[in-house]
Amino acid sequence: MFKNLTVDILLVEDNPCDLELALDALRRHNLANHIQVARDGVEALDFLFCTGEFKDRKSPDRPKVVLLDLKLPRVDGLEVLRRIRGDPRTHTIPVVVLTSSREEADITQSYNLGVNSYIVKPVDFGNFTEAVRQLGFYWLLLNQAPIPQK
């Protein structure tokens, strides 16, 4: 089922409203044909490391970017970020924290763990949509991705 899945964005979000807004913004602006959604930290890690429900995923393709919420069930976003950066197979994948947390500790810890960008979700629908559009445009079209190590 997941053997040949190419993913542009791994969107890790547990809030159904924020998830739909982000998906709508990305699709409306034709920024991502292939989006994988993970609704908690375990699902995100399973996808990235081909374990759990994604154990049959054989694709060597990595997402071009991970959009990561911090406040997730089962495994929080900071732990997901820690594991992404701690594994040579995933440590160069760009990770953008997209969260409602303005807590200084979350911001500091995210950057200490190697996040590429930290963005607080705008409360306003239009601003949220525009922020996601700009994220997609930058990370999918402008950013030059690193060459994966073999």
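The values are calculated or read from the model by the stated rules, or taken from the named source; none is laboratory data. Quantities reported herein were computed from a predicted structural model and do not represent experimental measurements. Heads up, the Cβs are rebuilt from the backbone with ideal geometry, glycines too, and the neighbour counts pull from every protein chain shown.
Summary table below
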item	result
Residues being touching a strand residue (DSSP E or B) at 6+ places or on another chain (Cβ under 8 Å) and more than 11 Å from Leu78 (Cβ to Cβ) - total across segment 115-132	8
Qualifying residue in segment 16-27 (condition: farther than 21 Å from Phe128 by Cβ and either at pLDDT 90 or above or crowded, with 16+ Cβ neighbours inside 10 Å (or both))	no
Segment 62-96, subset more than 15 Å from Glu13 (Cβ to Cβ) and among the charged types (D, E, K, R), residue surrounded by the fewest Cβ atoms within 10 Å (Cβ to Cβ)	Asp87
Positions within segment 33-46 being touching a strand residue (DSSP E or B) at 6+ places or on another chain (Cβ under 6 Å) and either over 11 Å from Leu11 (Cα atoms) or surrounded by fewer than 23 Cβ atoms within 10 Å (Cβ to Cβ) (or both), in sequence order	Ile35, Gln36, Val37
Counted residues, segment 41-79 - those being part of a loop (DSSP other than H, G, I, E, B), touching a helix residue (DSSP H, G or I) at 6+ places or on another chain (Cβ under 9 Å), more than 26 Å from Phe137 (Cβ to Cβ) and charged (D, E, K, R)	4
Every residue from segment 97-114 that is under 24 Å from Phe128 (Cβ atoms) and either buried (at least 19 other Cβ atoms within 10 Å of the Cβ) or in contact (Cβ under 8 Å) with a residue 12 or more places away in the chain (or both)	Val97, Leu98, Thr99, Ser100, Ser101, Arg102, Asp106, Gln109, Ser110
Qualifying residue in segment 94-110 (condition: among the basic types (Lys, Arg) and either modelled with pLDDT of 95 or more or in contact with a Lys or Arg (Cβ under 9 Å, 6 or more places away or on another chain) (or both))	no
Check on Leu23, part of a strand (DSSP E or B), closer than 21 Å to Val120 by Cβ and not β-branched (Val, Ile, Thr)	no
